[in-house]
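*Asks:* Can you read through this structure? Questions will come right after.
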Amino acid sequence: MIQVVLQLYKKISGSIHVFLTSMSSLQMSFNAGHGCPRGRPAAPLPMYRSAPPRYHYDPSAAPGPIYNPQGGSNYMPPHPDFMPFHFPAPSQGSNALPQCPVRPPVFPEPPPFPPPSSYPYMMPNVTPPPLPPVPPSVPPSMPYPPSYPMSYPPQLQLPPPPSFNPAYVQPGGSFKPERSRPPLQYKSDTCSRSPERLRHYDDDHRHRGHSYGGYGGRHNREFGGDKRDRGCSSERRRSDSPRYKADYERGRVPSRHRNEFVVCCADVSSSESECDSDGGGSSCSSSSDSEVFDVIAEIKRKKAHPDRLHEELWYNDPGQMNDGPLCKCSAKARRTGIRHSIYPGEQPVKSCRPMSNNSGKLFHYRITVSPPTNFLTDRPTVIEYDDHEYLFEGFSCFSHTPLTNIPLCRVIRFNIDYTIHFIEEMAPENYCVKGLELFSSYLFKDILELYDWNLTGPDENGQSGCQRFHFMPRFVRCLPDGGKEVLSMHQVLLYLLRSSPALVPEEEIANMLQWEELEWQKYAEECKGMIVTNPGLKPSSVRIDQLDREQFNSSVITFPIIVHFGIRPAQLSYAGDPQYQKLWKSYVKLRHLLANSPKVKQIDKQKLTQREEALQKIRQKNTMRREVTVELSSQGFWKTGIRSDVCQHAMMLPVLTHHIRYHQCLMHLDKLIGYMFKERCLLQLAMTHPSHHLNFGMNPDHARNSLSNCGIRQPKYGDRKVHHMYMRKKGINTLINIMSRLGQDDPSPSRINHNERLEFLGDAVVEFLTSVHLYYLFPNLEEGGLATYRTAIVQNQHLAMLAKKLELDRFMLYAHGPDLCRESDLRHAMANCFEALIGAVYLEGGLEEAKQLFGRLLFNSEVRFMCMFVQEPLTDRQLIESSPVLQKLTNFEDAIGVLFTHVRLLARAFTLRTVGFNHLTLGHNQRMEFLGDSIMQLVATEYLFIHFPDHHEGHLTLLRSSLVNNRTQAKVAEELGMQEFAITNDKTKRPVALRTKTLADLLESFIAALYIDKDLEFVHTFMNVCFFPRLKEFILNQDWNDPKSQLQQCCLTLRTEGKEPDIPLYKTLQTVGPSHARTYTVAVYFKGERIGYNFPQMAHQKRFIERKYRQELKEMRRERDRK
């Protein structure tokens, strides 16, 4: 074995000697180690590079490995049985060359190595297109000086022949040299550069120092010596600029920025600043030190990846976000939930026939996006075929099931509210499923790196079925008759094959550098906006924004430079910096204090200005800026023929497929609840938790990275307020703004896209249904017992049990974070979701459907009929003639225009508790007051829900409290004269002055009698006439803002920064009267002093209180003047 190796060694030595003598004087500048077999160092060797030979292309031969995903060069990968070797030492002589990076031999024909079995980035079994014509060889009179001086040192000492170990086998996972960025050189100050690039360039590279970090111990064992001196000439070692950095230094963080990096990554919680333009990402943040260090370590690991394309270009890993794992749930929690892409009721799909279009089995839909902003570009992807141009207009979707009863998909991106339409059309025939899968794998996995987008669904017996959706790019041309012709998938694939040559072919670089400026500009403009790829690197694909061919060293030819303008992830910019977040919060708090302060001091204005300047300084910091400029060598990059418009449309598809799959699984929920929703959006709204946002898909960081790398360069952004215009509900200014809006005459849909409003309605429905059933089930139980039973039924713990029966936790939409990780929080959210579901059923199906659903869940399938004895089942109005009390009540009936079928119900409603039992009313009105309160709550809640669409749950509660309270109810009762018909035990029959609470109880009892005798529609009419017109007055006068809240708001305006706000304290000074009618004397204190009526107020509150208490203020001033 040793003899065979020695013979091989001699042959190789002779070949190298012949190869060295045939080299020309032209030297290319390539990265150290590029083109070398993996695991072998770049040994120094004296050589020059000759003119590249013409390759012979044999169509019958197997396609050679054009790409190299590991090393990134365009040379043949090593043979699996390749054994590393060192070059022999030549004899001592006087004409030795200085050390330079080794170059691999240029073979006239590819070596007879067997090609790899498969490449993940290549389409299998496709014949490669013909190679482009090879440009003429470079003439010997090229005006390029030699790369190295011609005065050679005496002799070069090469290492001695190695002693091979027969047992050595090169491991499969050999070391891969880092390819973060090819070597670049600084351009002199006199060179021209566009102002935009010059600004980015100076900011990014002004203070770059030496890098830190390196390889592990395995690298040191394989590659001995100082890593700063390996493969670098003395010229390159002289400069420490980014363009002179070696490969192993790319992607490292400068040492002077280490502290800034740690501070930037110490907290990944979302910033509340104005920079968060795109909401929709949920980040799991924690205050524990261990999790913070885990995030820092994860970001450092990603920044130091050996295959990273550039330190400012972020890549996607399966199941990972930019700062750590996407899912931190337990193993049990990962088995369920929409957030884990598990859709209840989904079944595996039978695989399609790959070489057929499966006509009759697939349903075709054309996908469009409105408005077209950011989707119509000035450089669209165009395919020329048959002397016609076919423009890309979007995608077609082929589904295995019809997309019926599925609403349109709404998504907010670039601060614009988009709607994704899917329109059913006749399916084209010029495609096959295999071609669609090849294109999808190439675009979505190899180019966009959407690794977490799974379209297969659940596995059956360990084998996944067919994809639920197939996508076809639509390249169309308009026909004279108004129709459109769609290019076949076969021609699209051929276009992709034709459009995938090297961006700058190595054999043509010298010729391209000699092009005229106009010709080069034409080629650069053609490449602008195109997606190019370098398989094996992370990320593999990037958009070209500029292509420059400036040469920075006249003695060395370099590849043209790809310029890409990207966006740094929020976690690594000022938006994720904890120092910036803290300063921003203090700035906002101070700004709010000064805006609401009665008198602003000059020192406070200076503080606000200083903080604003400090924020601006952090935003302009190099390491904190969102916009970054990336410069890459074009070596190893290949064209794709795809432009950014294809990527823009493609990034909408994950959101659309989730929307469709979710609504298809909601049909399974319809079967569980026993009711089929006609308005599907209403059911989705009931299942949506306030923490849920889906603007980018299941992994928002993957979508952001892909959009930054491959999307359009300068998207047009809408108004940033679109994220919180209808969602913000905190703050006194927001409260005053929303509560000042009057109700709409016609019902209109709400733009609040979570279930809190439906929960507000469902809570009233559940309370009403419970009160009605308890009232009938327990006819002899007093009000206290009924209230106890109702509390037990409507409490969250019990409602969560009912939600578990419906498996609502499998259908709920909430953020994939720590919000609902605790069991108690999840059960509370499930109870709220159940109330929202009841509210949705009530809105669409009515009270009867809601009652049926609640009854089935409450009593399971047990049906027991209870016998109830009813006196006078038809009517009891015949008793009016014999009862003076009933005769008096007929006057009230005439006044309100309602004739009761059972007039004794009205008599019981007006019977006070002090009246003893009698055979006419059979009791007093306390039980009916219990029922009437729930009825009024339901009717008022439904009215407010429909006519106030922009009010959140808290705002609706304030309006309902101002509408349904003792004061308003007593006022309505007085206006109707109910006190004159009250039945008391007073024998004198004199008019009795009733308390406010008693009058309110009379009205609630009357509402209950009206519902029992008539229907809920009569109650709606009564409240439409007597209650709801008062809402306008309540809103204008701010009656929803009670005096205690007004005082607290006024006191909060006097708070100082950095201290806890002083709030008023209430002390009871005196208690007078019996237990059932006590009078309390209460004093209010602020900052230790007892305050009166003249405390500071906001301007609008002061005007309001002066109008409201004008008379009282005048009398108080008169008394003060007398004293």
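The values are calculated or read from the model by the stated rules, or taken from the named source; none is laboratory data. Values in this document were obtained by computation on a predicted structure and should not be read as measured data. Note that each Cβ is placed from the backbone with ideal geometry, even for glycine, and that neighbours are counted across all protein chains shown.
*Asks:* For residue 763, indicate whether it is within 26 Å of residue 849 (Cα to Cα) and among the acidic types (Asp, Glu). Before you say what the answer is, go through the steps one by one.
*Replies:* On the way: within 26 Å of residue 849 (Cα to Cα): yes; among the acidic types (Asp, Glu): yes.
Criteria met by residue 763.
Matching residues to (1) surrounded by fewer than 19 Cβ atoms within 10 Å (Cβ to Cβ); (2) without any contact (Cβ under 8 Å) to a residue 60 or more places away in the chain; (3) in a helix (DSSP H, G or I):
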{"position": "663", "(1), (2), (3)": "no, no, yes"}
{"position": "667", "(1), (2), (3)": "yes, no, yes"}
{"position": "671", "(1), (2), (3)": "yes, yes, yes"}
{"position": "677", "(1), (2), (3)": "no, no, no"}
{"position": "681", "(1), (2), (3)": "yes, no, yes"}
{"position": "690", "(1), (2), (3)": "no, no, no"}
{"position": "694", "(1), (2), (3)": "no, no, no"}
{"position": "697", "(1), (2), (3)": "no, no, no"}
{"position": "701", "(1), (2), (3)": "no, no, yes"}
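*Asks:* Determine, yes or no, whether residue 518 is of a type in the set (A, V, I, L, M, F, W, C), in a helix (DSSP H, G or I) and free of Cβ contacts under 8 Å to residues at least 12 places away in the same chain.
*Replies:* Working: of a type in the set (A, V, I, L, M, F, W, C): yes; in a helix (DSSP H, G or I): yes; free of Cβ contacts under 8 Å to residues at least 12 places away in the same chain: yes.
Spelling it out, residue 518 is indeed of a type in the set (A, V, I, L, M, F, W, C), in a helix (DSSP H, G or I) and free of Cβ contacts under 8 Å to residues at least 12 places away in the same chain.
*Asks:* Among the residues of the range 289-332, what is the count of those that are closer than 30 Å to residue 467 by Cβ, loosely packed, with under 15 Cβ neighbours inside 10 Å and aliphatic (A, V, I, L, M)?
*Replies:* The number of residues fulfilling the criteria is 1.
For (1) under 20 Å from residue 686 (Cβ atoms); (2) under 41 Å from the mean Cα position of the chain (by Cα); (3) at pLDDT 90 or above, each residue gets a yes or a no:
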| site | (1), (2), (3) |
| --- | --- |
| 940 | no, yes, yes |
| 946 | yes, yes, yes |
| 970 | no, no, yes |
| 974 | no, no, yes |
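*Asks:* Checking residue 378 against (1) in a loop (DSSP other than H, G, I, E, B); (2) under 19 Å from residue 419 (Cα atoms), which test does it fail?
*Replies:* (2)
Okay, residues lined up against (1) within 23 Å of residue 658 (Cβ to Cβ); (2) touching a strand residue (DSSP E or B) at 6+ places or on another chain (Cβ under 9 Å); (3) at pLDDT below 50:
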| residue | (1), (2), (3) |
| --- | --- |
| 253 | no, yes, yes |
| 264 | no, no, yes |
| 301 | no, no, no |
| 328 | yes, no, no |
| 333 | yes, no, no |
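*Asks:* In this structure, does residue 769 turn out to be free of Cβ contacts under 8 Å to residues at least 24 places away in the same chain, part of a helix (DSSP H, G or I), in contact with a Lys or Arg (Cβ under 7 Å, 6 or more places away or on another chain) and within 22 Å of residue 941 (Cα to Cα)? Show your work before the answer.
*Replies:* Details: free of Cβ contacts under 8 Å to residues at least 24 places away in the same chain: no; part of a helix (DSSP H, G or I): yes; in contact with a Lys or Arg (Cβ under 7 Å, 6 or more places away or on another chain): yes; within 22 Å of residue 941 (Cα to Cα): yes.
Here the answer is no, as residue 769 does not meet what is asked.
*Asks:* Based on this model, can you work out whether residue 364 counts as more than 30 Å from residue 671 (Cβ to Cβ), in contact (Cβ under 8 Å) with a residue 12 or more places away in the chain and of a type outside the set (A, V, I, L, M)?
*Replies:* Values: more than 30 Å from residue 671 (Cβ to Cβ): no; in contact (Cβ under 8 Å) with a residue 12 or more places away in the chain: yes; of a type outside the set (A, V, I, L, M): yes.
So residue 364 fails the test.
*Asks:* With the requirement that a residue be exposed (fewer than 14 other Cβ atoms within 10 Å of the Cβ) and either in a loop (DSSP other than H, G, I, E, B) or of a type in the set (A, V, I, L, M, F, W, C) (or both), what does the range 480-496 give you?
*Replies:* Within the range 480-496, 480, 481, 482, 483 qualify.
*Asks:* Further, regarding this structure: Return the total of residues in the range 325-365 being part of a strand (DSSP E or B) and within 19 Å of residue 432 (Cβ to Cβ). Steps first, please.
*Replies:* Looking only at the range 325-365, we keep the residues that are part of a strand (DSSP E or B), and these are 325, 363-365.
Now restrict to residues that are within 19 Å of residue 432 (Cβ to Cβ): 363-365.
The total comes to 3.
For every residue, the table says whether it meets (1) closer than 21 Å to residue 776 by Cβ; (2) outside any helix (DSSP H, G or I).
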| site | (1), (2) |
| --- | --- |
| 922 | yes, yes |
| 939 | yes, no |
| 945 | no, no |
| 951 | no, yes |
| 955 | no, no |
| 959 | no, no |
| 967 | no, no |
| 973 | no, no |
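*Asks:* Could I ask something else about it? Among what's in the range 438-479 and is over 27 Å from the mean Cα position of the chain (by Cα) and outside any loop (DSSP other than H, G, I, E, B), pick the residue that is nearest to residue 403 (Cα to Cα).
*Replies:* Across the range 438-479, the extreme among qualifying residues is 474.
*Asks:* Taking the range 824-880, which residues are among the hydroxyl-bearing types (Ser, Thr, Tyr) and at pLDDT 95 or above? Steps first, please.
*Replies:* Keep residues of the range 824-880 that are among the hydroxyl-bearing types (Ser, Thr, Tyr), which gives 824, 842, 861, 875.
Scanning the range 824-880 gives a single hit, 842.
*Asks:* Follow-up. Among (1) at pLDDT below 90; (2) part of a helix (DSSP H, G or I), where does residue 742 come up short?
*Replies:* If we test residue 742 against (1) at pLDDT below 90; (2) part of a helix (DSSP H, G or I), just (2) comes out false.
*Asks:* Among the residues of the range 941-975, write down those that are among the aliphatic types (A, V, I, L, M) and over 18 Å from residue 999 (Cβ atoms). Even if it seems obvious, please write down each step before you answer.
*Replies:* Within the range 941-975, the first condition is being among the aliphatic types (A, V, I, L, M), and the residues that meet it are 944, 946, 956, 958-959, 963-964, 970, 972-973.
944, 946, 956, 958, 959, listed by residue number.
*Asks:* Just give me the residues in the range 463-479 being surrounded by 15 or more Cβ atoms within 10 Å (Cβ to Cβ) and modelled with pLDDT of 90 or more, in sequence order.
*Replies:* 466, 467, 468, 469, 470, 471, 472, 473, 474, 475, 476, 477
*Asks:* I'd like to verify a number: residues in the range 543-552 that are closer than 14 Å to residue 313 by Cα and touching a Ser or Thr at 6+ places or on another chain (Cβ under 8 Å), how many?
*Replies:* So the count comes out to 1.
One line per residue, one yes/no per condition, for (1) at pLDDT below 90; (2) over 42 Å from the mean Cα position of the chain (by Cα); (3) surrounded by 15 or more Cβ atoms within 10 Å (Cβ to Cβ); (4) not assigned by the TED database to the domain that holds residue 732:
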{"site": "951", "(1), (2), (3), (4)": "no, no, yes, yes"}
{"site": "959", "(1), (2), (3), (4)": "no, no, yes, yes"}
{"site": "980", "(1), (2), (3), (4)": "yes, yes, no, yes"}
{"site": "988", "(1), (2), (3), (4)": "yes, yes, no, yes"}
{"site": "991", "(1), (2), (3), (4)": "yes, yes, no, yes"}
{"site": "995", "(1), (2), (3), (4)": "yes, yes, no, yes"}
{"site": "1009", "(1), (2), (3), (4)": "no, yes, yes, yes"}
{"site": "1019", "(1), (2), (3), (4)": "no, yes, yes, yes"}
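*Asks:* Can you pull out every residue in the range 333-348 that is of a type in the set (A, V, I, L, M) and buried (at least 19 other Cβ atoms within 10 Å of the Cβ)?
*Replies:* At the first step, the residues of the range 333-348 found to be of a type in the set (A, V, I, L, M) are 333, 338, 342.
338, the sole residue that qualifies.
*Asks:* Okay, moving on. Among the residues of the range 301-321, which ones are under 24 Å from the mean Cα position of the chain (by Cα) and either farther than 22 Å from residue 448 by Cα or of a type in the set (A, V, I, L, M) (or both)?
*Replies:* Within the range 301-321, 313, 321 meet the criteria.
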